[in-house]
Amino acid sequence: MSFDSEPEDSKVIQQFDALLRLTSRVFQDYCSDKQVAAEAAPHTVDPFMFLAWVKESSILWNTEYVRSICLEAGVDECSYDKLIELSEDPVGGNQLAGVWPQVTLKYRGNPVNQLESMHTVCLLKWSDGTVSPLSAFTPKEFSCPEGVFTDGNVATLLQINACVMTQVLIESSLDRLYDRRSNPTTEHAYETVIGLILNLLQGGTINDDSSGELQVLRISEELRPACLAVVQVLQAMYRPPVPIDVQRKIASQRKQQEANRQNDNGEEPPVGGWNF
């Protein structure tokens, strides 16, 4: 994203965030009208079913109702107009499909145990033991404007990350990933590294106190590069590298979120919304 595009992109994100909040509020009334339990809705209701109800429901044309739901959702009536436009578009449900879990799982609220980050990993492994991890890392600051992971936005991110990794494969190929992005490790190297780790976890040491001599667990020069590749793969999955520009953006997001909390007199901001 270029710097010049950020103001316009930010406006689009805010508009979509408002639409999502209003949709989540109206969805409550859909479930009530259709007598669908909140727990069952994620499994039984899709965006097209919901928008068909919006189009046919007379209550959506009641001025007082519209004002009330917009007030509750904290949005203006432009969001209502957009929701009506979607309901009249035969393929309008496609615009909500990608973020639908945020609508259907909104009733769960914030989890008690908050996630710090989310790392989706697809590990491709070839017959010779070579591996290539495809991954997508999301810190909590990027989860939504309020920086809180919920069931809804995690489910949405899982869908998006799967699409991103699929696109990597489409634009490249398995052979190119093997040649350009793979780690030249082997099964033997993996077993060696894991064996050393397990040995230490089970009480193994590199010192022999009885003799006073240092006993070093040695790996052959020939095997060492492959073992290091195993460690790099494990590190990439557990603690993915975060580019400097992303670190700066995270720090900026944290400062903004802290300022927002202070402006709200110590109250936690509401959770909701979407960040592309």
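The values are calculated or read from the model by the stated rules, or taken from the named source; none is laboratory data. Predicted model, so just to flag it, every value in this text is computed and none were measured. With ideal geometry, Cβ positions are generated from the backbone for all residues, glycine too; neighbour counts draw on all protein chains shown.
Brief remarks follow.
- Residues of the range 123-144 that are over 18 Å from T156 (Cβ atoms) and either of a type in the set (V, I, T) or modelled with pLDDT of 90 or more (or both): T130, V131.
- Number of the condition not met by L157 [criteria: (1) out of contact with any Phe, Trp or Tyr (no Cβ under 7 Å at 6 or more places or on another chain); (2) farther than 22 Å from Q247 by Cα]: (2)
- Comparison of P101, P111 shows that the only residue that is surrounded by 14 or more Cβ atoms within 10 Å (Cβ to Cβ) and within 24 Å of the chain's Cα centre (by Cα) is P101.
- Test: I160 is of a type in the set (A, V, I, L, M, F, W, C) and closer than 24 Å to L96 by Cα: yes
- Selected residue (criterion: modelled with the lowest pLDDT) from residues of the range 3-48 that are surrounded by 15 or more Cβ atoms within 10 Å (Cβ to Cβ) and out of contact with any helix residue (DSSP H, G or I) (no Cβ under 8 Å at 6 or more places or on another chain): I13
- G152 meets the conditions (1) surrounded by fewer than 16 Cβ atoms within 10 Å (Cβ to Cβ); (2) of a type outside the set (D, E); (3) part of a helix (DSSP H, G or I) in every case but one. The failed one is (1).
- Residue in the range 51-63 that is surrounded by 13 or more Cβ atoms within 10 Å (Cβ to Cβ), small (G, A, S) and within 28 Å of the chain's Cα centre (by Cα) present: no
- Considering residues of the range 196-247 that are exposed (fewer than 11 other Cβ atoms within 10 Å of the Cβ) and part of a helix (DSSP H, G or I) only, the residue modelled with the highest pLDDT: I244
- Taking the criterion of being of a type in the set (A, V, I, L, M, F, W, C) and within 10 Å of the chain's Cα centre (by Cα), the residues of the range 130-158 that qualify are A136, F137, F142, C144, F149, V154, A155, L157, L158.
- Filtered residue count, the range 145-157, keeping only those that are closer than 21 Å to L96 by Cβ and modelled with pLDDT under 90: 2
- Meeting the requirement of 1 or more residues that are in contact with a Pro (Cβ under 6 Å, 6 or more places away or on another chain), the helices (runs of 4 or more DSSP H) wholly within the range 42-128 are 93-97, 100-104.
- All positions within the range 157-195 that are small (G, A, S) and either surrounded by 13 or more Cβ atoms within 10 Å (Cβ to Cβ) or under 22 Å from E222 (Cα atoms) (or both): A162, S172, S182, A189, G195
- Near pairs, Cβ below 6 angstrom, 6+ apart or cross-chain, from the range 82-105 (touching a residue at least 12 places away in the same chain (Cβ under 8 Å)) to any residue that is among the hydroxyl-bearing types (S, T, Y) and buried (at least 19 other Cβ atoms within 10 Å of the Cβ): V99/T156; P101/T156; Q102/T156; V103/T23; V103/S24
- Criterion applied to D81, D128, D33 was being out of contact with any Leu (no Cβ under 9 Å at 6 or more places or on another chain), closer than 27 Å to P240 by Cβ and acidic (D, E), and the one residue passing it is D128.
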